[in-house]
Number of protein chains: 2
Amino acid sequence: MFEFQITSKNNRARTGIFTTPHGDLVTPVFAPVGTQATVKTLTPEHLKEINATLVLSNTYHLYLRPGDELVRDMGGLHKFMGWHRPMLTDSGGFQVFSLAQTRKIDDDGVTFKSHIDGSTHRFTPEKSIAIQENLGADIIMAFDECSDPNDHAYSRIAMERTHRWAERSLKAQTRRDQALFAIVQGGVNPDLRAKSAQFIASFGTPGIAIGGLSVGETKEEMHATLDVVTPLLPEDKPRYLMGVGTPEDLINGVARGVDIFDCVLPTRLARHHSAFAPEGRLNLMNAAFARDARPIDETCDCYTCRTFTRAYIRHLIVAKELLAGTLLSIHNLRALIRLMEQIRGYIADGTFESRVPELLNQWANNAKRNAADQHKK
Amino acid sequence: MFEFQITSKNNRARTGIFTTPHGDLVTPVFAPVGTQATVKTLTPEHLKEINATLVLSNTYHLYLRPGDELVRDMGGLHKFMGWHRPMLTDSGGFQVFSLAQTRKIDDDGVTFKSHIDGSTHRFTPEKSIAIQENLGADIIMAFDECSDPNDHAYSRIAMERTHRWAERSLKAQTRRDQALFAIVQGGVNPDLRAKSAQFIASFGTPGIAIGGLSVGETKEEMHATLDVVTPLLPEDKPRYLMGVGTPEDLINGVARGVDIFDCVLPTRLARHHSAFAPEGRLNLMNAAFARDARPIDETCDCYTCRTFTRAYIRHLIVAKELLAGTLLSIHNLRALIRLMEQIRGYIADGTFESRVPELLNQWANNAKRNAADQHKK
C-alpha cells in the first residue's frame with residue numbers, strides 16, 4: 001500500500017511520490033501543523049488553495065481534547081476536520097516531554113499530567129498506537145523519547161528506550177492502512193545516531209523519521225547529524241525530519257536527503273504579525289507599513305499577496321482584527337510550500353545542488369530567529 | 001446613475017434592483033457589517049461564497065483607524081479591503097452617540113473623544129460627508145442624531161437637527177458617484193415620524209434611510225413606526241432600515257416595504273459561539289453537541305454546514321481555536337442572506353404576504369434575545 005517511488009535525484013536530494021490511502025504525496029514536502037485538528041485560523045479550502053498536501057496533527061492534544069475515541073466515532077480525523085488529503089500524526093511523545101506538567105518516565109511508558117486541567121494520564125507505545133489508530137492518519141509514528149541534545153549521557157538511555165518502544169509500537173499496530181514510521185534518536189552524538197539509524201532501518205517500516213533535532217542544538221550539529229543518519233537509511237523509504245523548520249532548514253534538509261518536514265513556524269509567525277518577505281522577515285505591526293501599498297511579496301502567488309496591501313494587513317493588526325492572522329498564515333505557509341515546489345523543480349532539472357547557495361542567500365534575511373521562533377512543537 | 005427599478009410587488013413588500021457603481025444590488029438585501037473594513041474573521045472570498053452583495057462599514061471607526069485619508073490614498077475602501085461589490089457607509093453619528101466617550105452636541109455638530117485613545121475630534125455634517133467621500137462607498141448617509149426612543153421631548157429636537165443636518169449634508173456632497181441617503185428620525189412618536197418622512201422624502205435623494213429603530217423600543221413600536229413611515233416615502237426609492245436586525249425583524253421589515261437591512265447580529269452571535277439552527281439558536285459550546293454528528297442546519301447550503309459537524313465546531317470552541325468564529329460567521333450570515341433570497345422568491349411569485357406567519361413561525365425559536373444580542377451597532 002505504501003510505495004515510495006523516487007522520480008529524480010540530485011546527489012542526496014531526491015523527488016518522489018509516496019502513495020497513501022488519501023492520495024499520492026509528492027516529496028520533498030512541507031506539512032502545515034494542525035495541532036488541534038485545525039491549522040490555526042485556516043479552513044481546509046485555504047489549505048487546498050495554497051497547495052498543501054500533507055497536514056500534521058498532534059496525538060497528545062487530540063487525545064486530551066476532544067479525545068481520540070470521539071474522533072474515531074465521528075469517522076476519523078480526515079472527516080472530522082474536513083481534510084481529505086494525506087495526514088500525519090506524531091506519537092505524542094514529544095509533547096508529553098515538552099508540554100505536560102509533571103511526568104514520570106519508566107521503561108514501560110510515561111505518566112503525566114495534562115497541561116489543560118492537571119488530570120493524570122499514561123502513554124505507552126501500545127497506547128500511542130491505539131490512539132493514532134483511532135485518529136486514523138495515513139502516516140503514524142512509533143512512540144519515542146526525545147532527549148536534551150546537550151545531555152550526552154542521557155541520549156544513549158533515551159535512544160535505547162526509543163528502540164525498544166519502536167519494536168513494541170510495531171507489534172501493537174493492528175491497522176494496515178496506516179504507514180507506521182519508526183524514529184531515529186541519539187541526540188547529537190554521531191556514534192549513537194549511526195547506531196540508531198541502522199537499528200531503526202532494520203525494521204523495514206514504510207518510512208523513517210528523524211527525531212530530536214531542532215530542539216536546542218546548533219545548525220552545525222543538525223547538519224552533521226543528518227550527514228551521519230541519511231546515508232545509513234534505505235534509499236527507497238521516505239525520511240521525515242520531525243518539527244523542522246525554517247526556510248534554511250528545509251533547503252539544508254533536502255540537500256541531505258530529507259523528504260518530509262513539518263513546523264509550526266509559519267502559523268506562529270503569523271500570530272506574531274510576522275511575514276516572510278523578500279527583504280527579510282517583516283513585523284507588519286510596524287508603523288513603517290501604514291501606507292505601504294505593496295503586497296507582502298510581489299512575487300508571491302497567494303491569495304493574501306494577490307489581494308491585499310501591507311497597509312491593509314497592518315490596519316487589521318492594529319485594529320486587532322483576527323483576519324490578520326488568517327491572511328498572514330496563508331502567506332507564510334504558501335511561502336514555504338512554494339519554496340518546496342521550487343526545490344522539487346530544481347531537483348528534477350538537476351540544478352538543485354548547484355543552487356543551494358543561491359537559495360540560502362535568498363532566504364538569509366528570513367532565517368534570523370526572533371521571539372516567535374521558539375520551537376515548541 | 002442610481003436607478004431603482006421595482007421588479008415585483010406583493011402588497012407593501014417589493015423586490016427591486018438598485019444600480020450602483022459596483023454593480024446591481026438586488027433587494028430586499030441583508031448587508032453584513034464590516035465595521036473596521038473587515039467582516040470579522042471572513043475574507044472577501046467567504047463573503048462572495050455566501051452570496052453577500054452589500055457590505056456596510058463604519059465611518060466613525062475608519063475615521064479614527066486607519067484614517068479616511070489613508071483609505072483614500074490606498075485607492076478607497078473597496079480596493080483597501082478587497083471587496084468589489086457595493087458598499088455602504090453610515091454617517092458616524094450613531095457611533096459618536098453610542099461609543100465615543102464624552103461628547104458635546106450643538107447645532108453645528110458634535111465634539112467627542114475617541115473610544116480608542118481619548119483624543120478629541122469633531123464631526124459636522126460637512127465633515128461626515130468629507131470622510132465618506134474619502135472612503136468612497138457606493139451608498140453614504142447624511143449626518144443625523146439618533147435620540148433615545150423613550151425620551152419623547154428630545155425626539156423632536158433631534159429630529160429637527162437631523163433635518164437641518166440632512167440639508168447641510170446634501171449641500172456638502174461633491175462626488176456624484178455616491179448615493180447619499182437622507183435619514184428619517186422622530187423616535188417612536190407617530191406625528192414626528194410622519195413629519196420627518198415627508199420632509200426627508202422632499203429632498204429627492206436616491207434612497208431614504210430609517211434611523212433610530214432597534215435602539216431600545218419594543219417590537220410593536222418598531223412595526224408601528226414603519227407603518228407610519230414607509231407609506232409616506234416615494235415608491236421608486238429604496239428604503240434602508242439602519243442596524244436591523246433579527247430574522248423576524250427582516251421578515252416584518254420587508255412586509256412593511258423595507259429594502260435594505262444591516263446588522264452585526266450574525267457575526268456577534270458567532271463570537272459568542274451561537275448559531276441560527278432549525279431548532280432555535282444553539283450555543284455550540286454546550287456539551288450536548290460534543291458527539292453531534294449533524295451539521296448546524298441540514299437544510300443549509302453554506303460551506304460550514306456542507307463540511308463540518310456540530311461536534312467539530314464544539315471542539316474548536318472548547319479548544320479556543322479561532323476557526324470556530326469563522327465557521328459560525330459563515331453560517332449565520334448565510335442563514336440571513338438565504339432568508340432574504342427566499343423572501344425575494346416569495347415576493348416574485350406573489351406568495352410572500354400569505355407566508356409571513358409561516359416564516360415568522362420558522363424563525364420563532366431564533367428570535368429570542370440573549371446576551372449576545374445587545375444592539376451596539
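Among the residues of region B:167-210, those that are over 19 Å from B:M1 (Cβ atoms), assigned to a helix (DSSP H, G or I) and of a type in the set (A, V, I, L, M, F, W, C) comprise B:L192, B:A194, B:A197, B:F199, B:I200, B:A201.
State whether the residues of region A:282-302 include one that is among the basic types (K, R), exposed (fewer than 15 other Cβ atoms within 10 Å of the Cβ) and either out of contact with any helix residue (DSSP H, G or I) (no Cβ under 9 Å at 6 or more places or on another chain) or farther than 30 Å from A:E235 by Cβ (or both). Outline the logic, then answer.
Let us first name the residues in region A:282-302 that are among the basic types (K, R), namely A:291, A:294.
Narrowing further to those that are exposed (fewer than 15 other Cβ atoms within 10 Å of the Cβ): A:294.
Those still in the list that are either out of contact with any helix residue (DSSP H, G or I) (no Cβ under 9 Å at 6 or more places or on another chain) or farther than 30 Å from A:E235 by Cβ (or both) too: A:294.
Looking through region A:282-302, at least one residue is among the basic types (K, R), exposed (fewer than 15 other Cβ atoms within 10 Å of the Cβ) and either out of contact with any helix residue (DSSP H, G or I) (no Cβ under 9 Å at 6 or more places or on another chain) or farther than 30 Å from A:E235 by Cβ (or both).
With respect to the conditions (1) within 14 Å of chain B (Cβ to nearest Cβ); (2) small (G, A, S); (3) in a helix (DSSP H, G or I), A:A224 falls short on a single one, namely (1).
Please go through region B:115-125 and give me each residue that is farther than 15 Å from B:K171 by Cβ and crowded, with 17+ Cβ neighbours inside 10 Å, ordered by number. Outline the logic, then answer.
Step one: of region B:115-125, the residues farther than 15 Å from B:K171 by Cβ are B:115-123.
Those that are farther than 15 Å from B:K171 by Cβ and crowded, with 17+ Cβ neighbours inside 10 Å: B:H121, B:F123.
For region B:235-245, what are the residues that are in contact with a Phe, Trp or Tyr (Cβ under 8 Å, 6 or more places away or on another chain) and surrounded by fewer than 22 Cβ atoms within 10 Å (Cβ to Cβ)? Even if it seems obvious, please write down each step before you answer.
Let us first name the residues in region B:235-245 that are in contact with a Phe, Trp or Tyr (Cβ under 8 Å, 6 or more places away or on another chain), namely B:236-238, B:240-245.
Those that are in contact with a Phe, Trp or Tyr (Cβ under 8 Å, 6 or more places away or on another chain) and surrounded by fewer than 22 Cβ atoms within 10 Å (Cβ to Cβ): B:D236, B:K237.
Among the residues of region B:87-107, is any closer than 30 Å to A:P295 by Cα, within 14 Å of chain A (Cβ to nearest Cβ) and out of contact with any Gly (no Cβ under 7 Å at 6 or more places or on another chain)? The answer is no; no qualifying residue exists.
Here is a yes/no grid of residues against (1) polar (S, T, N, Q); (2) closer than 24 Å to B:V26 by Cα; (3) touching a Lys or Arg at 6+ places or on another chain (Cβ under 8 Å):
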| site | (1), (2), (3) |
| --- | --- |
| B:A182 | no, yes, no |
| B:I210 | no, yes, yes |
| B:V215 | no, no, no |
| B:K219 | no, no, no |
| B:A224 | no, no, no |
| B:V244 | no, yes, no |
| B:G257 | no, yes, yes |
| B:L265 | no, yes, no |
| B:R271 | no, no, yes |
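Evaluating B:G243 against the criteria (1) small (G, A, S); (2) closer than 28 Å to B:L327 by Cβ; (3) in a helix (DSSP H, G or I) leaves one unmet condition, (3).
So which strands (runs of 3 or more DSSP E) stay within region A:92-160 end to end and still have 1 or more residues that are under 24 Å from A:D73 (Cα atoms)?
Values: elements: A:103-105, A:110-113, A:120-123, A:139-141.
Filter on region A:92-160 gives A:120-123, A:139-141.
If a residue must be among the polar types (S, T, N, Q) and more than 26 Å from B:V29 (Cα to Cα), how many such residues does region B:87-104 contain? Please lay out each step first, then the result.
Initially, region B:87-104 is screened for residues among the polar types (S, T, N, Q), giving B:89, B:91, B:95, B:98, B:101-102.
Filter once more, so that each one left must be more than 26 Å from B:V29 (Cα to Cα): B:101-102.
The number of residues fulfilling the criteria is 2.
Inclusion of B:S128 among residues that are under 14 Å from B:F97 (Cβ atoms), among the polar types (S, T, N, Q) and surrounded by 23 or more Cβ atoms within 10 Å (Cβ to Cβ) is warranted. If you go through region B:92-104 one residue at a time, do you hit one that is in the same structural domain as B:E167 (by TED's automatic domain parsing), closer than 18 Å to B:L47 by Cβ and among the aliphatic types (A, V, I, L, M)? No, region B:92-104 has no match at all.
The values are calculated or read from the model by the stated rules, or taken from the named source; none is laboratory data. Keep in mind it's a predicted model, so treat the numbers as computed, not measured. Methodologically, a virtual Cβ is constructed for each residue, glycine included, from the backbone with ideal geometry; neighbour enumeration extends over all protein chains shown.
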